[in-house]
Structure formats: structure tokens, C-alpha cells
1. Being touching a residue at least 40 places away in the same chain (Cβ under 8 Å) and either within 15 Å of the ligand (Cβ to nearest atom) or within 17 Å of THR72 (Cβ to Cβ) (or both) is the filter here, so list the residues in segment 118-132 that pass it.
2. Do we find a residue being closer than 30 Å to ALA295 by Cβ, among the hydrophobic types (A, V, I, L, M, F, W, C), surrounded by fewer than 22 Cβ atoms within 10 Å (Cβ to Cβ) and in the same structural domain as ALA13 (by TED's automatic domain parsing) anywhere in segment 148-166?
3. Residues that are in a loop (DSSP other than H, G, I, E, B), more than 12 Å from the ligand (Cβ to nearest atom), closer than 24 Å to ARG186 by Cβ and outside the structural domain of SER34 (by TED's automatic domain parsing): does segment 253-264 have at least one?
4. Restricting attention to segment 10-38, which residues are part of a strand (DSSP E or B), open to solvent by 10 Å² or more (accessible area, probe 1.4 Å) and out of contact with any Lys or Arg (no Cβ under 8 Å at 6 or more places or on another chain)?
5. Considering ALA178, ALA111, ALA172, which residue is buried (at least 24 other Cβ atoms within 10 Å of the Cβ), away from the ligand (no atom under 11 Å from the Cβ) and within 30 Å of LYS302 (Cα to Cα)?
6. For segment 48-62, state whether one or more residues are within 16 Å of the ligand (Cβ to nearest atom), in contact (Cβ under 8 Å) with a residue 12 or more places away in the chain and part of a strand (DSSP E or B).
Amino acid sequence: MKKSTYRASTDVALIKYWGKRDEKLRLPENNSISMILDGLETVTTVEFRNDLAQDRVRIAGEARAVEAQRVTRQLDRIREIAGVAWYAQVESVNSFPKGTGLSSSGSGFAALTCAAADALDLNLTERELSILARQASGTACRCVCGGFVEWHAGDSSGTSYAETIFPADHWAIHDVVAVVDEGMKRVSSTEGHQTAQSSPFYTTRQAHIGDKIATMKRAIAARDFTSFGELVEAEALEFHTILLTSQPPLIAWYPGTVEVMLAVQQMRQDNIEAYFTINTGFNVHVLTLPHYVAAVAERLQKLSLVQKTLQASIGGKPQKTDAHLF
Ligand code: PMV
């Protein structure tokens, strides 16, 4: 049967998705905006076979039950659309550490959804792929698109999807990722979303999130890096305030995370314009313009708690490739 391989990039959320109004369908409480990251990617090969008694899933060379179950649930949705019962062999590799706050589930489930749909010749539109990917991982619904992406929260499965709001060539923003640890984070985003509403500040966040989305779109449209960066950083700190004040509190940062945050503020004092953002992990995205990338990377690499840096530019939508993993 047909084998399909897709390469999908992860993204970095500029205005974050936090909290769900529907757990099962993964409908978010609010719209979110992200930027696709060329350079931080997952490659996944899928082949449906009539000689398997169950799905055979290997991620980074390992067969882990919890991850495999989530993959099987997504394959079930795709099998249902195609009306087939075949099990699949799935291999997936990441170019960056997974489970550390760099949204590996976003690129992972985007690549899986595209490859599995293609392997069954489903010919889905980008919107249909986004709706499908969303049910496996919220972030993944943005990662089937390219450039700057907005996920419309919607109020039903059919109205909750992402789309490109500005293409990748609109603005050359770069991301220098400071890796302070490669071990897995202690609390997954999936668990974290469930406690979002317990923060006393969550309603305040929701009251002004629409304005933030609009301001972010204006900053991107105008290529106004200072407004963009200040909003990205303020949003990251507001998001972590929600995490810190939820029950139970979610302290995502490591000492190295704080070292990077302070170093980024110092960079701006020294006229290197860069801004940080952090998801539910401890590794830090540092966003900057092309002419500051070398200086930002050099400063980050000198920090005592930074193990390494990764670099990404703004990227496009998932690409099909013939470089199959098996
Ligand atoms: O898609 P999930 O369940 O991994 O949640 C992602 C949550 C954040 O990364 C914190 C924010 C976002 O919009 O990506």
C-alpha cells in the first residue's frame, strides 16, 4: 500500500492558546497567533498495511505506549474518514528536543496527519487537515499552515481551525532557541490546560485577549518589531502568571530560563533588539531580526546555564518528501 512521508515545522506561539472550552474536541477558549519555525521539524512516514494486528509506532526510534496511544487515536479519526480498518506502521523523528516546551506535538501531529491522510489518498484541504490535526494536538492545527498563523477558536469542530494570516516571506523574523535542558518537562500542556481556569487572573486575561490578537496582527502587518516584541514578551509573562497562580501551580521555569530572560533584557540595553517567549517548558525562544542573530546567539551561548542554541527562521507549511524513514 502507499507509503507517505511529510516534513512539518513546529511553531512558536506569539499570543498563546491556554485553556479549552471543550476538552474532547480540543476547542480553545481563545484565538491564538503563532509563527511557523523553519529548522525545528518532525519527519513522519506512515504506511497502512493489511498484515498488521495493531499500529506499529516508533518515535525517535522508541516504541512508547503513551505516545503510541495518542498516535493510534489520530489514525482512528483518519481511518474513519477513509472508511478503512488497516493498521499502520509509523516512524517519526524530530530535529529538536521533544517535551521541553518547544511544541514537538505541534509538528509531530501535523506531520502525522498530513502523511496518514496522503497515504490513504484523502485529498483533504488545508482547513480539513487543520480541523483534523487540532483533535490530536491544539498546536498541530496551526502547524499545517505556513508563515504567521491564526487559530480561530470557533464554537464547534468545523469552525475551529487555523489559517495563514501573513505568508512566510512577509517578514524575516528569526528565533534563536536557548536550550537549558533536554530532559522532559514535568507537566504536559494537555494537563496544564485543565487547570487554566483555576487562576484568579484567567478571566482578566480572557477579557483582553481579543485586543491582544488585534494589536499583534497590526504589528505584524506594519513590520513594527518593537511593538511586536514588546507584546510577545508581555504575553509570555502574562501566560506564566496564569501558570504560577493556577491550582496546582505550574512552575515551568528552570534557573537557566531566568538567566536567559534577564540576558535578553540586557541585550536590549546594549542595542541588540530581541524578545523572549516561553511555553509550558523551560527552553526559551528568543525572537530577533536577521542582523542581530549572530550577536544574540553569541550572548546566549556564553551564559553558564545554556547548553546550546538552535536557530530557526520563519517557515512554510508541511512538505511531502520521498525520503521515507523505512
Ligand atoms: O497544543 P498543546 O496542548 O501542546 O498546548 C500548547 C500551549 C502553549 O504552547 C503554551 C501555547 C500555544 O499556543 O502553543
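The values are calculated or read from the model by the stated rules, or taken from the named source; none is laboratory data. What you are looking at is a predicted structure, and each value in this text was computed from that prediction instead of being measured. Positions of Cβ are generated from backbone atoms using ideal geometry, with glycine treated the same way; all protein chains shown enter the neighbour counts. Only protein heavy atoms, including side chains, enter the accessible area calculation; ligands, DNA and RNA are left aside. Shrake-Rupley method; radii C 1.70, N 1.55, O 1.52, S 1.80 Å.
1. Hits for segment 118-132 are ALA119, LEU120, LEU132.
2. Yes, segment 148-166 contains a residue that is closer than 30 Å to ALA295 by Cβ, among the hydrophobic types (A, V, I, L, M, F, W, C), surrounded by fewer than 22 Cβ atoms within 10 Å (Cβ to Cβ) and in the same structural domain as ALA13 (by TED's automatic domain parsing).
3. Applying the first criterion (in a loop (DSSP other than H, G, I, E, B)) to segment 253-264 yields 253-254.
Applying the additional criterion that residues be more than 12 Å from the ligand (Cβ to nearest atom) yields 253-254.
Among the residues that remain, those that are also closer than 24 Å to ARG186 by Cβ are: 253-254.
Now drop any that are not outside the structural domain of SER34 (by TED's automatic domain parsing), which leaves 253-254.
Checked segment 253-264: at least one residue is in a loop (DSSP other than H, G, I, E, B), more than 12 Å from the ligand (Cβ to nearest atom), closer than 24 Å to ARG186 by Cβ and outside the structural domain of SER34 (by TED's automatic domain parsing).
4. Of the residues in segment 10-38, the ones part of a strand (DSSP E or B) are 10-15, 20-22, 27-28, 32-38.
Filter again for open to solvent by 10 Å² or more (accessible area, probe 1.4 Å), leaving 20-22, 38.
The answer is ARG21, ASP22, ASP38.
5. Working: ALA111 fails: within 30 Å of LYS302 (Cα to Cα); ALA172 fails: buried (at least 24 other Cβ atoms within 10 Å of the Cβ).
It is ALA178.
6. Going through segment 48-62, the residues within 16 Å of the ligand (Cβ to nearest atom) turn out to be 59.
Subset that is in contact (Cβ under 8 Å) with a residue 12 or more places away in the chain: 59.
Pick out the ones that are also part of a strand (DSSP E or B) and you get 59.
Within segment 48-62 (the criterion being within 16 Å of the ligand (Cβ to nearest atom), in contact (Cβ under 8 Å) with a residue 12 or more places away in the chain and part of a strand (DSSP E or B)), the answer is yes, since at least one residue qualifies.
Here is a yes/no grid of residues against (1) open to solvent by 70 Å² or more (accessible area, probe 1.4 Å); (2) farther than 17 Å from LEU102 by Cβ; (3) more than 19 Å from the chain's Cα centre (by Cα):
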| site | (1), (2), (3) |
| --- | --- |
| ILE213 | no, yes, no |
| ARG223 | yes, yes, yes |
| HIS240 | no, no, no |
| LEU244 | yes, yes, yes |
| GLY256 | no, no, yes |
| ALA263 | no, yes, yes |
| PHE276 | no, no, no |
| HIS291 | yes, yes, yes |
| GLN301 | yes, yes, yes |
